[in-house]
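Novice: Supplied in structure tokens, the structure appears directly below.
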Amino acid sequence: MRRQRNKRQDVVSRDAVVGGRIPMIALVQTLAVAEYLSFHRAALALGTSQSSVSARIKALETDLGITLFDRNTRGVRLTEAGRRFVDQVDDAMGILDRAVKTAGMQARGEAGALHIGVHALTPDCFLDRLLGRFRSTRPGVLLHITEGTAREALLMVRESRLDLAFMACTQEIPDLQSRVIWRDRLMVALSAGHPLAARQDVEWRQLAQETFLVRHGGTGPQVHDLIVARSAGKWLTPTIQRADVERTTLMSMIAAGHGISLFVEEGTTENTANVAFLPIRDEPGTIAFSAVWSPQNRDPSLVELLALASKMSTP
């Protein structure tokens, strides 16, 4: 019977804390007294009266059913139960303080994580500079980068597996938001030994008999569609060979004379030995690159990244 009564008292004490009947100020004052081992000095540090501190701690001891401090004429010291209690409260206060700070940082876009889909990421390209600058201004935000096709990226944005996707071409998608971020000039890549390599530029008709190498991933599907669109109604569609390779391997294949491919100008600056890049004279315009995200996603970090992207793309 006594054991059941003690168990009920333990439940009442736990519920008192969980239910909020013990005010936070009582815990703060307890920590202060434990630090100074003096009700008087703790009250001075907190800017309150000694009687207030003493009364609150006495009420706390009553609620908990334990004595936290031994009081005598020589001063105050923690009991063993009080020491354990203070240690745990101090740890809990630290966790609470970090939680409050983290929540504030996330609300201001200074912490958290962003999952970003990209078509490719080459050194010193616009996207590389954008993400680098964002990391320098928001070091507390962790960036998770995923490379894939536009179709894969759109699916992942819809499923909330990506916060944002960057992809080639203008995107008009009813259930998602998009914005053109930057533009770049289209270039044809061919072997340095190719007959056209010595020219200043080329025309689309001069490429009609070539074999185009197109990756399965990245912007490969969009490059395929662009080649088909440029040849429609003018000449037979060129031979298009799909390759399940990374960009560096594709470059090696071009250098070896296996075929040609298309890139934008900013992707031609990296080490590409034995590959020549020529502008296409009759290409109607630059290639747009867009950011795509869900209108339901209001992550402050996402807003910050989009704002930075717009700022960087402004001439």
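Novice: Conditions: (1) within 30 Å of Gly140 (Cα to Cα); (2) surrounded by 13 or more Cβ atoms within 10 Å (Cβ to Cβ). Phe277 meets all but one. Number of the miss?
Specialist: (1)
Novice: Separate question: Does Glu304 meet the test of being out of contact with any helix residue (DSSP H, G or I) (no Cβ under 9 Å at 6 or more places or on another chain) and of a type in the set (D, E, K, R)?
Specialist: No; evaluated as a whole, the condition is false for this residue.
Novice: Please work out which one of (1) more than 22 Å from Pro123 (Cβ to Cβ); (2) under 36 Å from the mean Cα position of the chain (by Cα); (3) charged (D, E, K, R) is the condition Glu265 fails and give its number.
Specialist: All conditions pass for Glu265, except number (1).
Novice: For residues that are of a type outside the set (S, T, N, Q) and either outside the structural domain of Leu96 (by the TED database) or open to solvent by 70 Å² or more (accessible area, probe 1.4 Å) (or both), tally how many sit in the stretch 48-75.
Specialist: Qualifying residue count, the stretch 48-75: 4.
Novice: If you go through the stretch 128-170, how many residues are in contact (Cβ under 8 Å) with a residue 60 or more places away in the chain and outside any loop (DSSP other than H, G, I, E, B)?
Specialist: 18
Novice: Counting just the residues of the stretch 241-290 that are in a loop (DSSP other than H, G, I, E, B) and of a type in the set (Asp, Glu), which one comes out farthest from Val228 (Cα to Cα)?
Specialist: Within the stretch 241-290, the match that is farthest from Val228 (Cα to Cα) is Glu270.
Here's the yes/no breakdown for (1) modelled with pLDDT of 90 or more; (2) within 20 Å of Gly217 (Cα to Cα):
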| site | (1), (2) |
| --- | --- |
| Thr62 | no, no |
| Ile66 | no, no |
| Leu96 | no, no |
| Ala99 | no, no |
| Ala120 | no, yes |
| Cys125 | no, yes |
| Met156 | yes, yes |
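Novice: Only one of Val214, Val228, Val223 is of a type in the set (Val, Ile, Thr) and assigned to a strand (DSSP E or B); which?
Specialist: Selected residue: Val214, the only one of Val214, Val228, Val223 that is of a type in the set (Val, Ile, Thr) and assigned to a strand (DSSP E or B).
Novice: Out of the residues in the stretch 134-189 that are of a type in the set (Ser, Thr, Tyr) and under 26 Å from Val245 (Cβ atoms), state the one that is surrounded by the most Cβ atoms within 10 Å (Cβ to Cβ).
Specialist: Thr149
Novice: Look at Arg71 and say whether it is out of contact with any His (no Cβ under 7 Å at 6 or more places or on another chain) and assigned to a strand (DSSP E or B).
Specialist: The answer is yes for Arg71.
Novice: Leu306 passes all but one of (1) outside any helix (DSSP H, G or I); (2) open to solvent by less than 60 Å² (accessible area, probe 1.4 Å); which number fails?
Specialist: In the conditions (1) outside any helix (DSSP H, G or I); (2) open to solvent by less than 60 Å² (accessible area, probe 1.4 Å), Leu306 misses (1) alone.
Novice: Can you report the number of residues in the stretch 225-269 which are open to solvent by 50 Å² or more (accessible area, probe 1.4 Å), touching a strand residue (DSSP E or B) at 6+ places or on another chain (Cβ under 7 Å) and closer than 22 Å to Gly148 by Cα?
Specialist: 3
The values are calculated or read from the model by the stated rules, or taken from the named source; none is laboratory data. The shown structure was predicted, so the numbers you read here are calculated from the model rather than taken from an experiment. Because the Cβ atoms are built from the backbone with ideal geometry, glycine has one as well, and the counts that use them run over all protein chains shown. Keep in mind that these areas ignore ligands, DNA and RNA; they rest on the heavy atoms of the full protein, side chains included. Shrake-Rupley method; radii C 1.70, N 1.55, O 1.52, S 1.80 Å.
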